[in-house]
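Engineer: Quick one: the structure is below, questions incoming.
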Amino acid sequence: MTPETKVLILAVAGLSLCGCWLLFRWFRGPPSTPNPWDDKIEESLHRPDATPLCSRCLEPHQTEARFCPNCGAAVDPLVAFSPYLYIFAFGDMLRAGTARRFRVNWVTILGFLLLPLAFFPLLLAFVYWFVFLRNLQRLSPTGDGDSPRDTGIARSDDS
């Protein structure tokens with residue numbers, strides 16, 4: 001066996017042992033809970049007199065409301081389980097891609113491109129993609145309508 005082969009075998013064995021040790025520590029560690037706020041805010045969220053907010057416009061609404069009185073978005077906590085409300089929530093999400101500003105990254109663009117294939121006939125998916133890409137061009141800083149007034153995006157070179 002050549003010395004290079006021995007070094008390679010030792011390196012692979014060492015990396016494997018380190019990987020096993022990190023995997024063991026990850027399994028043995030406490031479960032991490034994403035909590036963006038402290039205990040005081042967590043307690044105030046679960047109080048019976050807490051006012052729910054719309055996830056789109058952040059306006060307060062009644063606890064038993066199914067739609068936001070300000071913007072019309074579905075606000076029922078069980079919207080994913082109600083077929084009637086699910087249609088409105090899904091339509092609102094697709095309208096966001098064609099008419100409103102949204103966070104532009106590869107995940108949202110891929111979602112806006114793939115979801116119409118599951119719910120629209122192929123011809124309507126092409127129409128949706130056309131309108132979506134036109135909205136995406138309007139939102140991009142390199143598009144034709146890239147003034148901060150059009151997109152709401154502040155730029156450092158504009159005073």
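The values are calculated or read from the model by the stated rules, or taken from the named source; none is laboratory data. Treat the numbers as computed from the prediction; the structure is a model and nothing was measured. Positions of Cβ are backbone-derived with ideal geometry, glycine not excepted, and every protein chain shown enters the neighbour counts.
Engineer: For region 118-128, give me each residue that is of a type in the set (Phe, Trp, Tyr) and not in a helix (DSSP H, G or I).
Structural biologist: Once the filter is applied, which keeps residues that are of a type in the set (Phe, Trp, Tyr) and not in a helix (DSSP H, G or I), region 118-128 yields only 120.
Engineer: Restricting attention to region 124-149, which residues are modelled with pLDDT under 85 and more than 17 Å from residue 96 (Cβ to Cβ)?
Structural biologist: Once the filter is applied, which keeps residues that are modelled with pLDDT under 85 and more than 17 Å from residue 96 (Cβ to Cβ), region 124-149 yields 141, 142, 143, 144, 145, 146, 147, 148, 149.
Engineer: Would you mind stating whether residue 44 is not assigned by TED's automatic domain parsing to the domain that holds residue 116 and not in a loop (DSSP other than H, G, I, E, B)?
Structural biologist: Yes: the conditions hold for residue 44.
Engineer: Working only within region 1-36, note down all residues that are small (Gly, Ala, Ser) and surrounded by fewer than 10 Cβ atoms within 10 Å (Cβ to Cβ).
Structural biologist: 29, 32, listed by residue number.
Engineer: A further question on this structure: Does region 54-77 include one or more residues that are of a type outside the set (D, E, K, R), more than 26 Å from the chain's Cα centre (by Cα), outside any helix (DSSP H, G or I) and farther than 22 Å from residue 95 by Cβ?
Structural biologist: Taking every residue of region 54-77 in turn, none turns out to be of a type outside the set (D, E, K, R), more than 26 Å from the chain's Cα centre (by Cα), outside any helix (DSSP H, G or I) and farther than 22 Å from residue 95 by Cβ.
Engineer: Also, quick follow-up: Every residue in region 82-117 that is at pLDDT 85 or above, over 14 Å from the mean Cα position of the chain (by Cα) and part of a loop (DSSP other than H, G, I, E, B), please.
Structural biologist: Hit for region 82-117 is 100, nothing else.
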